[in-house]
1. Sum up the charges of everything whose Cβ sits under 14 Å from the Cβ of Val137, counting Lys and Arg as +1 and Asp and Glu as -1, but leave Val137 out.
2. Please list, in order along region 75-87, the HN-Hα scalar couplings obtained from phi with the Karplus expression 6.51 cos²θ - 1.76 cosθ + 1.60 (θ = phi - 60°), rounded to whole Hz, x for Gly and Pro.
3. Please list Lys101, Lys95 in order of solvent-accessible area, largest first, computed with a 1.4 Å probe with all protein chains present.
4. Which one of Leu111, Leu128, Ala153 has its Cα pushed farthest toward the positive end of the charge dipole of the chain, where Lys and Arg give +1 and Asp and Glu give -1 at the Cβ?
5. If region 32-121 were replaced by its equivalent ellipsoid, with semi-axes equal to the square roots of 5 times the Cα gyration tensor eigenvalues, what would those be, largest first, whole Å?
6. Please give every one of the aspartates and glutamates within straight-line cross-link reach of Lys101, meaning a C-alpha to C-alpha distance under 12 Å, and leave out same-chain neighbours fewer than 8 residues apart.
7. Tell me the per residue accessible area of the chain using a 1.4 Å probe; a whole number in Å² is fine.
8. Can you tell me the relative contact order of the chain? Whole percent, Cα pairs under 8 Å, sequence separation 6 or more.
Amino acid sequence: MEEPLRLEVVVASTRPGRFAPVVADWFLGALADRPEFEVGVLDLIDHPMPTELTETPQVAAFRERLGAADAFVVVTSEYNHGYPASLKAALDSAKHEWRAKPVGFVSYGGLSGGLRAVEQLRQVVAELHMVSVRESVSFAQAKRHFDPADGAAVDARERMLRQLAWWGTVLRGARASYPG
């Protein structure tokens, strides 16, 4: 068997009283029995990014971790029809480290379930030369109606993980031959 893909789960919300850990834990629970992934968690509450692109030791360590990853899943809320500023700062803190890597999205929020934030993120990650997998998971009104056994969410999560594994494997090989 090939070496597992390094999957970094990025937890985007840093607001006090955030719901992000509940959704992230639900997602991470599904990865325990997935030998194709070696999983890390990058909770942005623990990795605050500067508002200006500055090379601090913390940013350098963050970028090194991004560079070692083969794939990403972003767990994001939707604030005011968009994604959190903490996530924008994290995305802008690196460039080449994101390149040629797949990304999936698990979103939550009000009526839209975070889908407006995900649509904006798809534009941003395309500019970073990432591959956004088609499948995503969303939870509408998550704080009131979060159901970890929701069949549609579980099914979408499994399809997304299969897409991430395929793209992660293909792009790992492609990055090895990429001239720069």
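1. Details: positive: Arg134, Arg157, Arg159, Arg162; negative: Asp25, Glu78, Glu135, Asp147, Asp150, Asp155, Glu158.
Taking every Cβ under 14 Å from that of Val137, the sum is -3.
2. Result, ordered by residue: 9, 9, 8, 10, 10, 6, 6, x, 9, x, 4, 4, 6 Hz.
3. Values: Lys101 5, Lys95 115 Å².
Descending accessible area places them as Lys95, Lys101.
4. Leu111
5. 22, 19, 11
6. Reachable aspartates and glutamates: Glu8, Asp70.
7. Working: 8950 Å² over 180 residues.
On a per-residue basis, the chain sits at 50 Å².
8. Details: 300 pairs, mean separation 39.9, N = 180.
Computed over the chain, the figure is 22 percent.
The values are calculated or read from the model by the stated rules, or taken from the named source; none is laboratory data. This is a predicted model, so every value here is computed, not measured. A quick note on method: Cβ atoms are made from the backbone with ideal geometry, for glycine too, and the neighbour counts reach across all protein chains shown. The protein model used for the area step is the full one, side chains on, heavy atoms only, and it has no ligands, DNA or RNA in it. Shrake-Rupley method; radii C 1.70, N 1.55, O 1.52, S 1.80 Å.
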